Ligand code: ADP
Ligand code: MG
């Protein structure tokens with residue numbers, strides 16, 4: 001069992017890196033605690049596979065250290081790290097039977113046969129591979145092959161962590177859901193650290209207790225699904241998580257008038273916001289609000305802003321209102337029983353539901 005610490009980690013594939021853009025991992029400090037069920041979530045190309053390969057030892061980082069329980073393991077080859085890795089596409093031996101494929105990681109470590117068999121049977125049972133044990137792997141379907149591949153990651157008792165790199169990509173949706181639940185069960189049963197890479201927010205939040213959101217080679221937030229939803233630490237998290245994502249708009253703060261503007265529209269912000277804006281040391285100021293948190297009224301109310309309704313899409317249990325303000329499109333998510341809306345609607349951004357971003361990072365506003 002291990003705690004995995006990444007210390008001042010950076011990685012570039014370029015022989016001659018010129019700027020931050022040339023780094024697949026840009027300066028990372030991160031701790032994966034022993035026994036956690038984690039997801040590493042981010043768009044394609046943000047560095048997820050690079051990071052997993054550095055943890056497992058397939059790749060040596062350009063800078064920084066990887067520590068397992070406080071011990072630096074940079075020089076340890078993958079087979080000595082006691083980490084199992086499951087890849088996007090199945091890694092199995094076609095000519096071997098399913099049983100022998102599952103037994104391989106154990107036999108490779110000279111595990112006595114009397115201990116191999118019960119373990120293989122246990123894992124086969126969990127993954128519902130028992131009827132296939134005597135079949136040659138080459139005759140399996142893509143789904144079955146990937147289950148065998150996952151099983152190979154699960155047979156060893158001595159692993160400190162299992163890294164899954166988008167393992168369900170080739171699996172059909174129905175089975176995907178089932179396998180994800182199985183992984184969660186296995187996690188609860190064996191208390192192994194699991195890091196599950198995905199670009200799918202739903203997959204991340206159904207598997208993980210805590211999600212690391214990665215963007216351009218950095219972990220921009222590490223939090224529970226709820227924290228990512230309620231207080232996105234970076235504008236990317238707000239945009240990437242949620243359906244639809246968070247609305248953002250640029251702010252201009254006028255010092256002389258102590259007023260914040262969005263275009264020509266002055267915004268009714270509280271003194272706490274204004275005080276925070278006054279202290280900001282950048283002009284890159286944004287407000288963000290989740291579609292769920294925009295208040296929508298059919299007639300004028302205090303502190304509301306009149307906007308033009310562009311579209312109202314009824315999606316059964318909720319509706320999505322699209323409106324424009326200062327030539328920018330916003331989305332609001334309304335409950336099923338929302339009031340009838342005319343062409344002009346009156347919206348309010350509740351103070352405590354807004355997030356303020358300075359240089360793309362969230363700044364805490366003291367609401368008193
Ligand atoms: P992800 O798994 O999140 O899709 P990767 O870690 O595969 O991202 O890639 C991160 C960045 O590093 C991308 O810009 C990718 O093109 C680049 N990259 C990945 N592998 C290599 C490689 N072997 N050689 C050069 N560049 C690579
Ligand atoms: Mg990848």
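Between the Cα long axis of helix 173-190 and the first principal axis of the chain there is an angle of about 70°, rounded to the nearest 10.
Between helix 142-154 and the chain there is an angle of about 80 degrees, using the helix long axis and the longest principal axis of the Cα atoms. The slack in the chain from residue 310 to residue 360, taken as 0.36 nm per residue of separation less the alpha-carbon distance, amounts to 15.2 nm. Of the peptides 63-75, 212-224, the order by per-residue mean of other Cβ atoms within 10 Å, starting with the highest, comes out as 212-224, 63-75. A simple spin-label model places the labels of residue 367 and residue 34 3.9 nm from each other, with each point 7 Å out along Cα-to-Cβ.
Using only helices, what value at 222 nm comes out for the chain when you add -39,500 (n - 2.57) per DSSP H run of length 4 or more and divide by the total residues, to the nearest 500 deg cm²/dmol? Intermediate results must be reported in sequence, preceding the final value.
Details: 9 runs with 92 residues, N = 368.
Taking each H run of at least 4 residues, the total per residue is -7500 deg cm²/dmol.
Set the Förster distance to 41 Å, then compute FRET efficiency between residue 328 and residue 72 from the Cβ-Cβ distance, nearest 0.05. Efficiency, rounded to the nearest 0.05: 0.25. The slack in the chain from residue 158 to residue 188, taken as 0.36 nm per residue of separation less the alpha-carbon distance, amounts to 9.2 nm.
Across every pair of different alpha-carbon atoms, what Kirkwood hydrodynamic radius in Å does the chain reach?
Values: mean 1/r = 0.0428 Å⁻¹.
Every distinct Cα pair counted, the radius reaches 23.4 Å.
Helix 98-107 and the longest principal axis of the Cα set of the chain meet at an angle near 80°. Per-residue Cβ neighbour counts within 10 Å put 193, 329 in the sequence 329, 193, beginning with the fewest.
Report the gain in length on full extension from residue 95 to residue 22: 0.36 nm times residue separation, minus Cα-Cα distance, nm rounded to one decimal. List each step's numbers first, then the result.
Numbers: separation 73, 0.36 × 73 = 26.28 nm, distance 4.10 nm.
So the chain would gain 22.2 nm between residue 95 and residue 22.
Going 7 Å from the Cα of residue 351 along its beta-carbon direction, which residues of segment 268-298 have the amide nitrogen within less than 19 Å of the resulting point? Taking a point 7 Å out along Cα→Cβ of residue 351, the residues of segment 268-298 whose backbone N falls under 19 Å are 268-280, 286-290, 293-296.
No value in this document is a laboratory result; all are computed from the given coordinates. In this text, all values refer to a predicted model and were calculated from it rather than measured experimentally. Cβ atoms come from the backbone with ideal geometry, glycine included; neighbour counts cover every protein chain shown.
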